[in-house]
Structure formats: structure tokens, C-alpha cells
Amino acid sequence: MDSALHGRMTVVTSQTQWTDSEVIEAYRSRYLIEDVFRQMKDRELGCWWPMYHWTDWMIQVHGFYCTVALLLRAMVAEAARAAGVQLPVGRLWSQLAGIKKVVNVYEGAGAGGRQVRQNVWTKLTMEQKQLMEALKLQS
């Protein structure tokens, strides 16, 4: 029990050049990295599982791919936030997953019997429209 500390906490660090406020800020922002690990382990949203590899080399490659995927997801989320779309990560990905594009191909309907292609987007929610604009997905 920490009853002798009366609600106080001791933070130990090897960063001797940091000021007290920098140490406290780093301690208080630890939830950010904890959230990254939570995302990596999430079986629906994360990328680490399932892992079908047995050799050390393949596990390392899998870890590299997962890290790159996590970085790309963070970049997409940051681009959405910068454009003013404030969504939790899970909802952001579910909204993006709901955006579908259908290409209708009409044989011989164009001049000279050429194919005519028509791009049609599925019906979008307001959040999906905002994401399409923020991430420039209209093309």
C-alpha cells in the first residue's frame, strides 16, 4: 500500500536535461502510446493479429508491415482532423469502410461502339462526405 505517500506519486526518469514540467508532460502523455498499442492489438481494427508466421524473420517482416500500416492509419486520421473531421479512430475507419464506388460499364454505347464507363458512389452519410472532401477521394 502507498498510504505513506498520501496520494503523491514519484516519477523517475533518466532524462536529466528535461525540466520538471517536461517530465510531467511526458508522463501525462503516456496514454498516447498506450492507445497505439491498444490499436495494434485490437482484433477488428488492429493489424497485428492474426499472424500466421513461425520464423523469426517472417515475424519481423510482419511487425514491419504492421508498423507501416499503423503509421498510414495515423496519417489518414491526422489529415481528417486537420480538415476539421473529429471522429474517434474506430468510427473513422467504419465510415471509410462504408464508402463504395461502383463503375458501370456499358458495352458499345459510346461513339463507334466503344465502352462507356460511369462512376457511381454509394449513398454517403454527412460524415462520409466530409471524409471524402478532407481526404480528396472524389476522383
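Would you point out the residue of segment 96-108, among those that are surrounded by 14 or more Cβ atoms within 10 Å (Cβ to Cβ) and aliphatic (A, V, I, L, M), that is farthest from the chain's Cα centre (by Cα)?
Checked segment 96-108; the qualifying residue farthest from the chain's Cα centre (by Cα) is 99.
I'd like to verify a number: residues in segment 88-138 that are of a type in the set (Val, Ile, Thr) and under 30 Å from residue 32 (Cβ atoms), how many?
Residues flagged as of a type in the set (Val, Ile, Thr) and under 30 Å from residue 32 (Cβ atoms) within segment 88-138 amount to 3.
With the condition kept exactly as written, say whether any residue in segment 125-132 is modelled with pLDDT of 80 or more, in a helix (DSSP H, G or I), within 14 Å of the chain's Cα centre (by Cα) and not small (Gly, Ala, Ser).
Yes: segment 125-132 contains one or more residues that are modelled with pLDDT of 80 or more, in a helix (DSSP H, G or I), within 14 Å of the chain's Cα centre (by Cα) and not small (Gly, Ala, Ser).
Somewhere in segment 109-124, is a residue in a helix (DSSP H, G or I) and surrounded by 12 or more Cβ atoms within 10 Å (Cβ to Cβ)?
No, segment 109-124 contains no residue that is in a helix (DSSP H, G or I) and surrounded by 12 or more Cβ atoms within 10 Å (Cβ to Cβ).
State which residue pairs qualify: first residue among the polar types (S, T, N, Q) and inside segment 62-73, second residue modelled with pLDDT under 85 in any location, beta carbons under 7 Å apart, and separation of 6 or more residues or different chains.
none
Among the residues of segment 94-108, write down those that are of a type in the set (S, T, N, Q) and part of a helix (DSSP H, G or I).
The answer is 94, 95.
The values are calculated or read from the model by the stated rules, or taken from the named source; none is laboratory data. If you're wondering where the values come from, they're calculated on a predicted model, not measured in any experiment. With ideal geometry, Cβ positions are generated from the backbone for all residues, glycine too; neighbour counts draw on all protein chains shown.
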